[in-house]
């Protein structure tokens, strides 16, 4: 008996997967939880992201936010992995966070990136953000003119990534009683 055609879909690659020279970026799944928890519980990762390391509950909520964005909004974050080794490097992607008290998004998707300490300073963030922006230019163009990033003004590494990827600073705001800069990147026309 021949297998049915619909069974072939299980073997097909997820069209949301992004591949660069050094990276593979896939939407998060349950198997990513230990890596997400390890990264977000590292005090060295979070000084500009609220300052307090995440516990298991917070990390679980973050994973659910990532997967929920894809399910509800049609976009979300990717788990970023080294293409050669498969090592987890971090999270990069888009979200609809509805930030309380922060003006400047105007309905545009927010973009964010966080890499584990071992992956920082190697150009992975720039490579992953550029891949995400390429995806966003295809999927958001016509609906939104740009994406917006919130970056703590003291986070010089993320500011440098934003500048390399074509973001421009446009406002200073406060979020959860912390200063933040708002950076925008317009989709190419």
*Can you list the residues of region 169-189 with backbone N under 20 Å from a point 7 Å past the Cα of residue 58, pointing along Cα to Cβ?*
174-181
_Using alpha-carbon coordinates, inclination of helix 56-73 to the longest axis of the chain, degrees_ = 70 degrees
*Quick one: compute the contact order of the chain, relative version, from alpha carbon pairs under 8 angstrom and 6+ residues apart, as a percent.*
18 percent
*Any idea what diffusion coefficient the chain gets from Stokes-Einstein, in µm²/s, Kirkwood Rh on alpha carbon pairs, 20 °C, 1.002 mPa s?*
124 µm²/s
*Only helical DSSP H runs with n ≥ 4 go in: add -39500 (n - 2.57) per run for the chain, normalise by residue count and round the 222 nm mean residue ellipticity to 500 deg cm²/dmol.*
-8500 deg cm²/dmol
*Which three semi-axes in whole Å describe the equivalent ellipsoid of region 14-55, each the square root of 5 times a Cα gyration tensor eigenvalue, listed largest first?*
25, 13, 8
*Is the shape of region 57-143 best called rounded, prolate or oblate, per the rule: a/c under 1.5 gives rounded, else a/b larger than b/c gives prolate, else oblate, with a ≥ b ≥ c the square roots of the Cα gyration tensor eigenvalues?*
prolate
*Give the order of 138, 67, 147 when sorted by the count of other beta carbons within 10 angstrom, beginning with the fewest.*
138, 67, 147
*asked:* Taking the 0 to 90 degree range and rounding to the nearest ten, how far is the long axis of helix 124-140 tilted relative to the main principal axis of the chain, both from C-alpha atoms?
replied: 80 degrees
*Which order do 64, 30, 133 fall in if you start with the one that has the fewest other Cβ atoms within 10 Å?*
30, 64, 133
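Every read-out reported here was derived from the displayed coordinates using simple, explicitly stated rules and does not represent laboratory data. What you see is a predicted model, and the numbers here were worked out from it, not measured in a lab. Note that each Cβ is placed from the backbone with ideal geometry, even for glycine, and that neighbours are counted across all protein chains shown.
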